[in-house]
Structure formats: C-alpha cells, structure tokens
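Student: Below you'll find the structure I mean.
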Amino acid sequence: KMNIKEITDKSLDFAIKRIAEIFGIGLILLSFLLLASLLSYSPEDPNFIFPSNTKINNLLGFKGSYTSDLFLQSIGLTSFLIPITLFFTGINIIINKKILVIINNLFFTIVYLFFGTLFFSKYYPNSFSLVVNGNGGFFGNFLKESFLISLINIDQKISYYILISLIIVIFLINLNLNIKSILKFFTYIV
C-alpha cells in the first residue's frame with residue numbers, strides 16, 4: 001500500500017522527466033531550424049541593417065532571414081557550431097533528464113565562440129557573403145582591436161594552431177560526447 005507522499009514523489013519525478021524530454025526535443029527542433037536558417041542565408045535578404053521589400057531567399061522566410069543575419073553578423077562563421085551544440089544538448093537532456101546541462105554547455109559555448117570569432121577575424125577576415133563584419137562578425141572585430149591580437153602577433157603560425165586546437169577541444173567538451181550515451185539514445189529511439 002503506497003502512501004500519498006510516495007505517489008506524489010513518483011508523479012513529480014515522472015512529470016519532471018517528461019518536461020526534460022520535451023525541452024530536449026525542443027532544442028533538437030530549434031537546432032534544425034537554426035541550421036536551415038544559417039545554411040540558406042543570403043546577403044540580399046532583408047535584415048536589421050538593410051530592411052527592404054525584396055524577395056526573401058531564406059528557407060524560413062522573414063524570421064530566418066533576420067535570425068541568420070543576427071548570428072552571422074555578430075559571431076560570424078562560428079554560428080554554424082551553435083546548431084550542433086543545441087542538437088547534442090537536446091540529446092543529452094533527453095537521455096539524462098537533466099535540464100541543468102544547458103548551463104554547463106552555455107559556458108563552453110561562450111568560450112568556443114570567443115576563440116572562434118577571434119580566429120576568423122584574425123586569419124580569415126574577408127568574406128564574400130558577410131561583407132559588413134567579415135567571417136568573425138562584429139564580436140570578432142571587437143576582439144581584433146584588443147590586446148589579444150598583440151599576443152597572437154608574437155607568433156602567428158603557432159597562435160593559428162593553438163586557436164584551432166582550443167576551438168575544437170572546447171567544442172567537443174561542450175558536446176558531452178559519450179559513446180555509451182549515444183548508443184543509449186539510439187536504442188531509446190528504436
């Protein structure tokens with residue numbers, strides 16, 4: 001015979017796990033929408049700087065045009081890592097039923113975006129489609145004017161590889177890749 005406290009505890013635990021799963025699914029869907037928006041970005045689409053009544057080429061229409069422009073103009077090409085982060089965060093939340101994973105991932109996302117925007121602003125600043133702020137976005141341009149560039153200029157070749165390594169390592173840490181978790185996710189789907 002169960003008492004009321006056990007029933008409410010189990011019901012609350014069940015509800016929290018389902019909310020976490022729904023949140024994880026939402027993040028996965030958001031990752032696909034953001035990726036579609038970024039991949040179909042066109043500099044001719046209306047945006048915050050040049051609003052116009054032109055034909056919108058973005059797959060997600062007006063909202064996709066503004067979203068992709070916001071991401072690409074602010075943080076440049078590192079924007080393409082964010083949908084991947086959201087996807088794996090969603091999977092991690094579905095598997096572990098812990099929404100607080102997002103706080104950990106937010107920290108690492110900010111760190112890899114910092115190094116990524118700095119990298120693209122220094123080594124690959126010019127872009128055909130991101131003509132306003134370049135591949136590093138305006139955040140990267142801001143960092144390019146800081147003391148960090150003088151550190152990079154000490155040895156540009158070594159700094160190049162250090163920045164790439166930092167971006168990759170922090171990005172992979174951020175994904176929380178765990179082979180057991182990935183297999184568990186696919187068995188959960190099946």
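The values are calculated or read from the model by the stated rules, or taken from the named source; none is laboratory data. This one's a predicted model, so the numbers in the text were calculated from it and none came from an experiment. Here the Cβ positions follow ideal geometry from the backbone for every residue, glycine too, while neighbour counts run over all protein chains shown. The accessibility values were calculated without ligands, DNA or RNA, using every heavy atom of the protein model including side chains. Shrake-Rupley method; radii C 1.70, N 1.55, O 1.52, S 1.80 Å.
Student: Grab the other residues whose beta carbon is less than 13 angstrom from that of K97, score K and R as +1, D and E as -1, and report the net.
Tutor: In short, +2.
Student: Continuing with this model, one more query. What value, in deg cm²/dmol to 500, does the helix sum -39500 (n - 2.57) over DSSP H runs of n ≥ 4 give at 222 nm once divided by the residues of the chain?
Tutor: So the calculated ellipticity at 222 nm is -23500 deg cm²/dmol.
Student: Which whole-number percent is the relative contact order of the chain (Cα, under 8 Å, 6+ apart)?
Tutor: 23 percent
Student: Hey, if you drop one equal point scatterer on each alpha-carbon of the stretch 63-126 and run the Debye formula without solvent, what base-10 log of I(q)/I(0) do you get at q = 0.19, 0.23 Å⁻¹?
Tutor: -0.79, -0.97
Student: Might you report the magnitude of the Cβ-based charge dipole of the chain about its Cα centre, with Lys and Arg at +1 and Asp and Glu at -1, to the nearest 20 debye?
Tutor: Dipole magnitude for the chain comes out near 660 debye.
Student: Let me ask something else about it. What shape does the stretch 14-156 have by the C-alpha gyration tensor, where a ≥ b ≥ c are the square roots of the eigenvalues, rounded means a/c under 1.5, and otherwise prolate means a/b greater than b/c and oblate the rest?
Tutor: Oblate is the answer for the stretch 14-156, as a/c is 1.5 or above yet b/c matches or exceeds a/b.
Student: While we're here: Could you do me a favour and compute the accessible area per residue for the stretch 131-190, 1.4 Å probe, result in Å²?
Tutor: The answer is 70 Å² per residue.
Student: Probe radius 1.4 Å, ligands and nucleic acids ignored: give me the carbon and sulfur share of the accessible area of the chain as a rounded percent.
Tutor: Percent of accessible area from carbon and sulfur atoms in the chain: 74.
Student: Which order do the peptides 72-80, 144-152 come out in when sorted by mean C-beta neighbours inside 10 angstrom, highest first?
Tutor: 72-80, 144-152
Student: I've got another one for you. Would you work out which of T109, Y161, G137 lies farthest towards the positive end of the dipole of the stretch 63-190? Charges go on Cβ: Lys and Arg +1, Asp and Glu -1.
Tutor: T109
Student: Across the chain, how many lysine pairs separated by 8 or more positions, or lying on different chains, have Cα atoms within less than 14 Å?
Tutor: Here the count comes out as 6.
Student: How large is the translational diffusion coefficient of the stretch 89-163 in µm² per second when you combine the Kirkwood radius over alpha carbon pairs with Stokes-Einstein at 20 °C and 1.002 mPa s?
Tutor: After rounding, the answer is 154 µm²/s.
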